[in-house]
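Let me begin by presenting the structure, written as C-alpha coordinates, before commenting on it.
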Amino acid sequence: AHQGINAATAIEAVTRFLPARSLDEDVILEGLAATRAPGRIETIRSEGRAPVVLDVAHNPDGISALISALIEGFAFEHIHFVIGVLADKDFVGMLTELRRVPCTVYATAPSGVTPVPVEDLKEAAEVQGVEVVTVPDARAAVQKARDAAGAGDLVCVTGSHYVVGEVRALVRLVEIGPGGEERQTGP
(Lines give C-alpha, C1' and ligand atoms only; values in the text may rest on other atoms or scores of the structure.)
Protein backbone atom coordinates (compact mmCIF):
# COMPACT_ATOMS: atom_id res chain seq x y z
CA ALA A 1 0.00 0.00 0.00
CA HIS A 2 2.81 2.45 0.80
CA GLN A 3 4.30 1.96 -2.67
CA GLY A 4 0.90 2.89 -4.15
CA ILE A 5 1.03 6.13 -2.19
CA ASN A 6 4.58 6.71 -3.44
CA ALA A 7 3.44 6.13 -7.05
CA ALA A 8 0.49 8.49 -6.66
CA THR A 9 2.78 11.15 -5.22
CA ALA A 10 5.20 10.76 -8.15
CA ILE A 11 2.39 11.01 -10.70
CA GLU A 12 1.03 14.14 -9.01
CA ALA A 13 4.50 15.73 -8.98
CA VAL A 14 5.06 15.02 -12.68
CA THR A 15 1.63 16.27 -13.74
CA ARG A 16 2.18 19.57 -11.92
CA PHE A 17 5.25 20.25 -14.07
CA LEU A 18 3.54 19.46 -17.38
CA PRO A 19 0.96 21.49 -19.27
CA ALA A 20 -2.63 20.63 -18.38
CA ARG A 21 -3.81 17.24 -19.70
CA SER A 22 -0.53 16.51 -21.49
CA LEU A 23 0.16 13.22 -19.71
CA ASP A 24 -1.96 10.48 -21.24
CA GLU A 25 -3.39 7.84 -18.91
CA ASP A 26 -1.93 5.06 -21.09
CA VAL A 27 1.56 6.52 -20.57
CA ILE A 28 1.04 6.46 -16.81
CA LEU A 29 -0.23 2.87 -16.87
CA GLU A 30 2.65 1.74 -19.10
CA GLY A 31 5.17 3.42 -16.82
CA LEU A 32 3.71 1.85 -13.71
CA ALA A 33 3.61 -1.58 -15.34
CA ALA A 34 7.30 -1.30 -16.22
CA THR A 35 8.37 -0.07 -12.78
CA ARG A 36 10.61 -2.37 -10.79
CA ALA A 37 11.82 -1.80 -7.25
CA PRO A 38 14.53 -4.37 -6.49
CA GLY A 39 14.78 -5.04 -2.79
CA ARG A 40 11.27 -3.76 -2.06
CA ILE A 41 8.96 -6.70 -1.33
CA GLU A 42 10.93 -8.53 -4.03
CA THR A 43 9.90 -12.17 -3.96
CA ILE A 44 11.96 -15.22 -4.81
CA ARG A 45 9.92 -18.36 -5.36
CA SER A 46 11.46 -21.82 -5.35
CA GLU A 47 9.60 -25.00 -6.16
CA GLY A 48 8.63 -26.73 -2.93
CA ARG A 49 10.19 -24.12 -0.62
CA ALA A 50 8.91 -21.14 1.31
CA PRO A 51 9.06 -17.87 -0.65
CA VAL A 52 11.90 -15.49 0.20
CA VAL A 53 10.99 -11.81 0.38
CA LEU A 54 13.73 -9.18 0.13
CA ASP A 55 13.05 -5.73 1.55
CA VAL A 56 15.55 -3.01 2.43
CA ALA A 57 13.57 -1.67 5.42
CA HIS A 58 16.19 -0.15 7.71
CA ASN A 59 14.27 1.80 10.37
CA PRO A 60 11.20 1.20 12.55
CA ASP A 61 8.80 2.92 10.10
CA GLY A 62 10.18 0.86 7.21
CA ILE A 63 9.85 -2.38 9.19
CA SER A 64 6.29 -1.39 10.14
CA ALA A 65 5.41 -0.85 6.46
CA LEU A 66 7.11 -4.16 5.60
CA ILE A 67 5.09 -6.06 8.21
CA SER A 68 1.86 -4.48 6.92
CA ALA A 69 2.78 -5.41 3.33
CA LEU A 70 3.55 -9.00 4.33
CA ILE A 71 0.24 -9.29 6.19
CA GLU A 72 -1.66 -7.83 3.21
CA GLY A 73 0.18 -9.68 0.47
CA PHE A 74 1.00 -13.15 1.78
CA ALA A 75 -0.66 -16.01 3.60
CA PHE A 76 1.79 -17.35 6.18
CA GLU A 77 1.96 -19.17 9.46
CA HIS A 78 5.41 -17.97 10.52
CA ILE A 79 8.06 -15.59 9.19
CA HIS A 80 11.77 -16.33 9.38
CA PHE A 81 13.44 -12.89 9.37
CA VAL A 82 17.07 -12.71 8.33
CA ILE A 83 18.04 -9.30 9.65
CA GLY A 84 21.29 -7.38 9.69
CA VAL A 85 21.35 -3.73 10.71
CA LEU A 86 23.91 -0.94 10.42
CA ALA A 87 25.30 0.46 13.67
CA ASP A 88 23.65 3.87 13.29
CA LYS A 89 20.08 2.49 13.07
CA ASP A 90 17.36 2.07 15.70
CA PHE A 91 17.55 -1.72 15.80
CA VAL A 92 15.53 -1.97 19.03
CA GLY A 93 12.64 -0.11 17.39
CA MET A 94 12.95 -2.33 14.32
CA LEU A 95 12.84 -5.52 16.38
CA THR A 96 9.88 -4.19 18.36
CA GLU A 97 7.86 -4.06 15.12
CA LEU A 98 8.55 -7.74 14.43
CA ARG A 99 6.44 -8.71 17.47
CA ARG A 100 3.37 -8.04 15.32
CA VAL A 101 3.75 -11.41 13.57
CA PRO A 102 4.76 -14.92 14.61
CA CYS A 103 8.44 -15.03 13.75
CA THR A 104 11.98 -16.16 14.32
CA VAL A 105 14.87 -13.74 13.84
CA TYR A 106 18.15 -14.89 12.30
CA ALA A 107 20.49 -12.14 13.49
CA THR A 108 23.30 -11.55 11.02
CA ALA A 109 25.66 -8.81 9.91
CA PRO A 110 26.27 -7.23 6.53
CA SER A 111 29.88 -7.46 5.42
CA GLY A 112 32.07 -4.50 4.56
CA VAL A 113 30.24 -2.00 6.84
CA THR A 114 29.84 -1.35 10.55
CA PRO A 115 26.87 -3.44 11.72
CA VAL A 116 25.06 -3.82 14.99
CA PRO A 117 26.82 -6.84 16.51
CA VAL A 118 24.74 -10.01 16.20
CA GLU A 119 24.85 -10.48 19.97
CA ASP A 120 23.26 -7.04 20.44
CA LEU A 121 20.53 -7.97 17.95
CA LYS A 122 20.02 -11.24 19.82
CA GLU A 123 19.72 -9.51 23.19
CA ALA A 124 17.24 -6.92 21.87
CA ALA A 125 15.12 -9.60 20.17
CA GLU A 126 15.02 -11.68 23.34
CA VAL A 127 13.89 -8.63 25.35
CA GLN A 128 11.01 -8.29 22.85
CA GLY A 129 10.11 -11.95 23.36
CA VAL A 130 11.12 -12.83 19.80
CA GLU A 131 12.83 -16.16 19.14
CA VAL A 132 16.33 -15.49 17.78
CA VAL A 133 19.23 -17.41 16.26
CA THR A 134 22.62 -15.79 15.62
CA VAL A 135 24.32 -16.49 12.29
CA PRO A 136 27.11 -13.97 11.58
CA ASP A 137 27.22 -14.68 7.82
CA ALA A 138 24.20 -13.47 5.80
CA ARG A 139 24.43 -16.31 3.29
CA ALA A 140 24.47 -18.93 6.05
CA ALA A 141 21.61 -17.13 7.84
CA VAL A 142 19.43 -17.34 4.73
CA GLN A 143 20.24 -21.01 4.31
CA LYS A 144 19.41 -21.73 7.95
CA ALA A 145 16.13 -19.77 7.69
CA ARG A 146 15.15 -21.56 4.47
CA ASP A 147 15.93 -24.94 5.99
CA ALA A 148 13.75 -24.15 9.02
CA ALA A 149 10.84 -22.68 7.05
CA GLY A 150 7.82 -24.90 6.53
CA ALA A 151 5.46 -24.92 3.55
CA GLY A 152 3.20 -22.27 5.09
CA ASP A 153 6.03 -19.96 6.11
CA LEU A 154 7.92 -17.01 4.63
CA VAL A 155 11.58 -16.10 4.77
CA CYS A 156 12.18 -12.35 4.79
CA VAL A 157 15.61 -10.75 4.41
CA THR A 158 15.68 -7.18 5.73
CA GLY A 159 17.38 -4.61 7.97
CA SER A 160 19.70 -2.89 5.52
CA HIS A 161 20.43 -2.34 1.86
CA TYR A 162 23.71 -4.17 2.44
CA VAL A 163 22.20 -7.42 3.71
CA VAL A 164 19.55 -7.45 0.99
CA GLY A 165 22.19 -6.66 -1.63
CA GLU A 166 24.43 -9.50 -0.44
CA VAL A 167 21.61 -12.01 -0.49
CA ARG A 168 20.18 -10.74 -3.78
CA ALA A 169 23.53 -11.29 -5.45
CA LEU A 170 23.57 -14.91 -4.26
CA VAL A 171 20.22 -16.17 -5.45
CA ARG A 172 18.45 -16.68 -8.74
CA LEU A 173 15.65 -14.17 -8.76
CA VAL A 174 12.41 -14.94 -10.52
CA GLU A 175 9.93 -12.19 -11.12
CA ILE A 176 6.28 -12.89 -11.77
CA GLY A 177 5.05 -10.68 -14.61
CA PRO A 178 1.60 -9.10 -14.90
CA GLY A 179 0.34 -12.04 -17.00
CA GLY A 180 1.68 -14.62 -14.54
CA GLU A 181 4.75 -15.45 -16.62
CA GLU A 182 8.09 -15.94 -14.90
CA ARG A 183 11.27 -14.25 -16.03
CA GLN A 184 14.74 -14.33 -14.54
CA THR A 185 15.89 -10.95 -13.26
CA GLY A 186 19.15 -11.76 -11.55
CA PRO A 187 22.05 -14.17 -11.32
(Q) Can you report the number of residues in the range 35-51 which are aliphatic (A, V, I, L, M) and in contact (Cβ under 8 Å) with a residue 60 or more places away in the chain? (A) 2
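Out of curiosity, is GLU47 outside any helix (DSSP H, G or I) and surrounded by fewer than 20 Cβ atoms within 10 Å (Cβ to Cβ)? So that I can check it myself, show each step before the final result.
On the way: outside any helix (DSSP H, G or I): yes; surrounded by fewer than 20 Cβ atoms within 10 Å (Cβ to Cβ): yes.
It is true that GLU47 is outside any helix (DSSP H, G or I) and surrounded by fewer than 20 Cβ atoms within 10 Å (Cβ to Cβ).
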Q: Could you please find all residues in the range 141-156 being in contact (Cβ under 8 Å) with a residue 12 or more places away in the chain and either touching a strand residue (DSSP E or B) at 6+ places or on another chain (Cβ under 8 Å) or among the acidic types (Asp, Glu) (or both)?
A: ALA141, VAL142, LYS144, ALA145, ARG146, ALA148, ALA149, ASP153, LEU154, VAL155, CYS156
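Take GLU30 and decide whether it is closer than 30 Å to VAL142 by Cα, open to solvent by 50 Å² or more (accessible area, probe 1.4 Å) and acidic (Asp, Glu).
Values: closer than 30 Å to VAL142 by Cα: no; open to solvent by 50 Å² or more (accessible area, probe 1.4 Å): yes; acidic (Asp, Glu): yes.
It is false that GLU30 is closer than 30 Å to VAL142 by Cα, open to solvent by 50 Å² or more (accessible area, probe 1.4 Å) and acidic (Asp, Glu).
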Q. Listed residues ALA20, ALA37; which is more than 17 Å from the chain's Cα centre (by Cα) and assigned to a loop (DSSP other than H, G, I, E, B)?
A. ALA20
Q. If you check VAL82 against the conditions, is it open to solvent by less than 40 Å² (accessible area, probe 1.4 Å), outside any loop (DSSP other than H, G, I, E, B) and modelled with pLDDT of 95 or more?
A. yes
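Being part of a loop (DSSP other than H, G, I, E, B) and touching a Ser or Thr at 6+ places or on another chain (Cβ under 8 Å) is the filter; apply it to the range 114-156 and report the residue that is most open to solvent (accessible area, probe 1.4 Å). Give the derivation first.
At the first step, the residues of the range 114-156 found to be part of a loop (DSSP other than H, G, I, E, B) are 114, 116-117, 128-130, 149-153.
Pick out the ones that are also touching a Ser or Thr at 6+ places or on another chain (Cβ under 8 Å) and you get 128, 130.
Numbers: GLN128: 36, VAL130: 13 Å².
Per the stated criteria, the residue is GLN128.
Test of understanding: among ALA57, ALA69, which residue is in contact with a Gly (Cβ under 8 Å, 6 or more places away or on another chain) and open to solvent by less than 30 Å² (accessible area, probe 1.4 Å)?
Values: ALA69 fails: in contact with a Gly (Cβ under 8 Å, 6 or more places away or on another chain).
When all the criteria are applied, what remains is ALA57.
Touching a Pro at 6+ places or on another chain (Cβ under 9 Å) and either free of Cβ contacts under 8 Å to residues at least 12 places away in the same chain or among the aliphatic types (A, V, I, L, M) (or both): is that true of ALA124 in this structure?
Details: touching a Pro at 6+ places or on another chain (Cβ under 9 Å): no; either free of Cβ contacts under 8 Å to residues at least 12 places away in the same chain or among the aliphatic types (A, V, I, L, M) (or both): yes.
Answer is no for this residue.
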**Q.** Selection within the range 33-47 - modelled with pLDDT of 85 or more and either over 27 Å from THR158 (Cα atoms) or not charged (D, E, K, R) (or both)
**A.** ALA33, GLY39, ILE41, THR43, ILE44
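The values are calculated or read from the model by the stated rules, or taken from the named source; none is laboratory data. Everything quoted here is computed from the prediction, not taken from an experiment. Glycine also receives a Cβ, built like all others from the backbone with ideal geometry; neighbour counts cover every protein chain displayed. Accessible surface areas use protein heavy atoms only, side chains included; no ligands, DNA or RNA. Shrake-Rupley method; radii C 1.70, N 1.55, O 1.52, S 1.80 Å.
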